[in-house]
2 protein chains.
Amino acid sequence: MSNTNNTNAPFIVADIGGTNARFGLVDIPIASTNPNAAALTVSQQKKYPSSSFSGIDEAVKCYLESLQGIAVSGACLAVAGPVGNDNVTLTNLKWNFSISELKQQLNLDKLVIMNDFAAYACATPHIDEQHIIEINQGKPVENAPIAVVGPGTGFGVASLSYSNGQRIVAACEGGHMSLATHNAMQQQVINVLRDNFAHISIESLLSGPGLANLYQALAIVDSLRLAPLKPSEITKKALEDESSFSAKVLSVFCRWLGQACGDIALAQGAQAAVYLGGGILLRFPEFLKQSEFLEGFCDKGHMRDYLSDIPIKLVTESNSALIGAAYYYHQAEGV
Amino acid sequence: MSNTNNTNAPFIVADIGGTNARFGLVDIPIASTNPNAAALTVSQQKKYPSSSFSGIDEAVKCYLESLQGIAVSGACLAVAGPVGNDNVTLTNLKWNFSISELKQQLNLDKLVIMNDFAAYACATPHIDEQHIIEINQGKPVENAPIAVVGPGTGFGVASLSYSNGQRIVAACEGGHMSLATHNAMQQQVINVLRDNFAHISIESLLSGPGLANLYQALAIVDSLRLAPLKPSEITKKALEDESSFSAKVLSVFCRWLGQACGDIALAQGAQAAVYLGGGILLRFPEFLKQSEFLEGFCDKGHMRDYLSDIPIKLVTESNSALIGAAYYYHQAEGV
């Protein structure tokens, strides 16, 4: 077991989701007086299929062993599931563990468990400009909260705040907010779906699987008989032919996503920035930019100016949770 | 001018809204090592009509003069308007001022300007149990954010977080989120209003004036010819006769308010608590408790358990912004 009391030893970070468990090693910067200013890098990155392990302890031990004797001072594990008290369940893997027991099992001095989307959120302010596409320039309000929104398999939401240089991150469940409408067409879509969904949330229509739901519902609204398409097929067709039904669906998707992001920004008071992450948007960044996403975002009556002042950034860096976990641990542990 | 460099001298707090300007004096607790643990009290409270002043400097000077020579170390003024940079506008009074210029004009060493609903939010954790009605007991998640929601003339929203004992408050604009629906009846209400509103927000229906809008729209949905009623008339009739149309309107209001509060809690990840404030709910606390408010709050598909674990507290203390400003200043200035 690679374990030491030397707090200058590196720590490990992980991003453990339903499909993959990613790991990395982070060196503690020398003489860092301000944990936020220090630049952290993640080395020795490894990726394993999560299904090859029976539990989180096995996964971490496997990575620690791969380090071949490098001493580590602690670990920050970002996991796909809600983190509240000592007991944590990874939603898709059905792995259940106690944080305090895991710390003992791994023989670690320090162990931090955090939500994976919260880790992703912690990375956003550290992402290099070259990995960002600007959707709205805006005029950020200093020290205001940052909203992080990620439509993918689900719809991740987090909030980042700073106070006296200290970061506070909150994992939110904004993807499960009820989906509001701005016009009659959107309302017809909701009416079509009302009977089939116990609750029509943002995630129901504005995620990867949601895009397929939207395609089906809009076809019914338009009285078209169309076979279901996979989300990747819809985006492919939309990009190939701008007069296609898929392109119409993707346009509606983008505008509606803007409206939902506007609601989240208002609820969080996210006047510093909205970061867009998650896998699906990277399939059509230019389409998104040309779409009515921004109009939907700002279309909130006399809050238009407030919203158009919020910078919106699309993150193209796909492996951010590890670096976010590194920054979170670095601040939380004051190392 | 009452001004001193003595940081042990008391500071003043204010809650300056469109109608009233309230002031008070706060003594610095002796030997307080933890600013969050100290109990602060506001003395020498005075209330003036805001319209009797031509600007904020005049209002503060008037109060300082009333103190008859008591030395003050600084001021924390909570104002009804957005606070972002040095320039502040009080929305309803059309008072515009620069924070740095005001500080000079008042000859104060320390001046903090904050949003009034943010000040209200800062007070909530310090409100005595006797001024709280429990709407949902829940199981709070420690260190999670707190949402503060206040339907009144408008619909105030704020978020409170803690990190290492340090408070971070964000003034939000959640009242301007698009209003979502959970059923066909609510959708009919939206359809009735769609033509008359540029944007149908939470505030459009779930505030004092919103209750009157809801009354009118529900009457149209039910094909009733009814003269408009003032919000206070609707609540009065509803409480007098539970079979009245007003009682039906108020029931719909409560359920829909629950749904909107649920969305705000999800967007903020407010697993520690939701505090309900604002004037209108205090007219019918028992009706609210007996209503479907909580069912609306929890009615978010598989997030039901997450939401039913969030404690919901109705604040009956009406003058909280002063005490919130006191706590905010006390922490911000480390005094």
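The values are calculated or read from the model by the stated rules, or taken from the named source; none is laboratory data. Treat the numbers as computed from the prediction; the structure is a model and nothing was measured. With ideal geometry, Cβ positions are generated from the backbone for all residues, glycine too; neighbour counts draw on all protein chains shown.
Checked against the criterion of being of a type in the set (Asp, Glu), out of contact with any Cys (no Cβ under 7 Å at 6 or more places or on another chain) and free of Cβ contacts under 8 Å to residues at least 12 places away in the same chain, the candidates A:GLU142, A:GLU173, A:GLU203, A:GLU129 yield just one match: A:GLU129. If I go through the stretch B:70-91 residue by residue, how many of them are within 14 Å of another protein chain (Cβ to nearest Cβ) and either assigned to a loop (DSSP other than H, G, I, E, B) or in contact with an Asp or Glu (Cβ under 9 Å, 6 or more places away or on another chain) (or both)? Selection size over the stretch B:70-91: 7. Does A:LEU108 satisfy being assigned to a loop (DSSP other than H, G, I, E, B), assigned by TED's automatic domain parsing to the domain that holds A:THR19, more than 24 Å from B:SER159 (Cα to Cα) and in contact with a helix residue (DSSP H, G or I) (Cβ under 7 Å, 6 or more places away or on another chain)? No, not satisfied.
Taken over the stretch A:315-335, the residue count meeting the criterion of being touching a Leu at 6+ places or on another chain (Cβ under 7 Å), hydroxyl-bearing (Ser, Thr, Tyr) and assigned to a helix (DSSP H, G or I) is 1. The helices (runs of 4 or more DSSP H) located wholly in the stretch B:208-314 that include 1 or more residues which are in contact with a strand residue (DSSP E or B) (Cβ under 8 Å, 6 or more places away or on another chain) and among the polar types (S, T, N, Q) occupy B:245-268, B:304-308. Taking the stretch B:231-268 as the range and being in contact with a Gly (Cβ under 9 Å, 6 or more places away or on another chain) and more than 19 Å from B:LEU294 (Cβ to Cβ) as the test, the residues that pass are B:PRO231, B:SER232.
Scoring B:LYS313 on the criteria (1) within 11 Å of another protein chain (Cβ to nearest Cβ); (2) in contact (Cβ under 8 Å) with a residue 12 or more places away in the chain; (3) basic (Lys, Arg) leaves a single failure, condition (1). Checked against (1) buried (at least 16 other Cβ atoms within 10 Å of the Cβ); (2) assigned to a loop (DSSP other than H, G, I, E, B), B:ASN143 passes all but a single condition, namely (1). Being surrounded by fewer than 23 Cβ atoms within 10 Å (Cβ to Cβ), more than 30 Å from B:PHE11 (Cβ to Cβ), basic (Lys, Arg) and within 14 Å of another protein chain (Cβ to nearest Cβ), is that true of even one residue in the stretch B:255-263? Scanning the stretch B:255-263, I find at least one residue that is surrounded by fewer than 23 Cβ atoms within 10 Å (Cβ to Cβ), more than 30 Å from B:PHE11 (Cβ to Cβ), basic (Lys, Arg) and within 14 Å of another protein chain (Cβ to nearest Cβ), so the answer is yes. Count of the stretch A:111-140 residues, restricted to those that are part of a helix (DSSP H, G or I) and within 16 Å of A:ALA325 (Cβ to Cβ), is 11.
Here the condition is being closer than 30 Å to A:PHE155 by Cα, aliphatic (A, V, I, L, M), in contact with a Cys (Cβ under 7 Å, 6 or more places away or on another chain) and within 14 Å of chain A (Cβ to nearest Cβ); of B:ALA272, B:ALA267, it holds for B:ALA267 alone.
If I filter the stretch B:156-176 for residues that are facing chain A (nearest Cβ under 7 Å), crowded, with 23+ Cβ neighbours inside 10 Å and either acidic (Asp, Glu) or at positive phi (or both), do I get at least one hit? Looking through the stretch B:156-176, at least one residue is facing chain A (nearest Cβ under 7 Å), crowded, with 23+ Cβ neighbours inside 10 Å and either acidic (Asp, Glu) or at positive phi (or both). Restricting attention to the stretch B:182-192, the residues that are more than 7 Å from chain A (Cβ to nearest Cβ) and in contact (Cβ under 8 Å) with a residue 24 or more places away in the chain total 5. Criterion first (buried (at least 24 other Cβ atoms within 10 Å of the Cβ) and assigned to a helix (DSSP H, G or I)) does A:GLU203 satisfy it? The answer is yes for A:GLU203.
On the stretch given as the stretch B:118-166, residues that are of a type in the set (Phe, Trp, Tyr) and not assigned by TED's automatic domain parsing to the domain that holds B:GLN271 total 1. Filtered by the rule that a residue be of a type in the set (Gly, Ala, Ser) and closer than 28 Å to B:GLN331 by Cα, the stretch B:155-182 gives B:GLY156, B:ALA158, B:SER159, B:SER161, B:SER163, B:GLY165, B:ALA170, B:ALA171, B:GLY174, B:GLY175. When B:LEU218 is tested against (1) farther than 30 Å from B:ALA123 by Cα; (2) at pLDDT below 95, exactly one condition is not met: (2). When we screen B:THR153, B:THR91 for residues that are of a type in the set (Ser, Thr, Tyr), surrounded by 15 or more Cβ atoms within 10 Å (Cβ to Cβ) and in contact (Cβ under 8 Å) with a residue 60 or more places away in the chain, the only hit is B:THR153. Are any of the residues in the stretch B:32-46 within 29 Å of B:ALA270 (Cα to Cα), within 23 Å of the chain's Cα centre (by Cα) and of a type in the set (D, E, K, R)? No: the stretch B:32-46 contains no residue that is within 29 Å of B:ALA270 (Cα to Cα), within 23 Å of the chain's Cα centre (by Cα) and of a type in the set (D, E, K, R).
Residues checked against (1) in contact with a Leu (Cβ under 7 Å, 6 or more places away or on another chain); (2) of a type in the set (A, V, I, L, M, F, W, C):
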{"site": "A:ALA217", "(1), (2)": "yes, yes"}
{"site": "A:LEU229", "(1), (2)": "no, yes"}
{"site": "A:SER243", "(1), (2)": "no, no"}
{"site": "A:SER251", "(1), (2)": "no, no"}
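When you check B:LYS300 against the structure, is it closer than 23 Å to B:ALA121 by Cα, surrounded by 19 or more Cβ atoms within 10 Å (Cβ to Cβ) and either touching a Pro at 6+ places or on another chain (Cβ under 7 Å) or in contact (Cβ under 8 Å) with a residue 12 or more places away in the chain (or both), yes or no? When the stated conditions are applied, B:LYS300 does not pass them. Residues that are touching a helix residue (DSSP H, G or I) at 6+ places or on another chain (Cβ under 9 Å), in contact (Cβ under 8 Å) with a residue 60 or more places away in the chain and surrounded by fewer than 22 Cβ atoms within 10 Å (Cβ to Cβ) within the stretch A:273-287 comprise just one, A:GLY279.
Return yes when B:SER223 is crowded, with 24+ Cβ neighbours inside 10 Å and hydroxyl-bearing (Ser, Thr, Tyr) and no when it is not. It is false that B:SER223 is crowded, with 24+ Cβ neighbours inside 10 Å and hydroxyl-bearing (Ser, Thr, Tyr).
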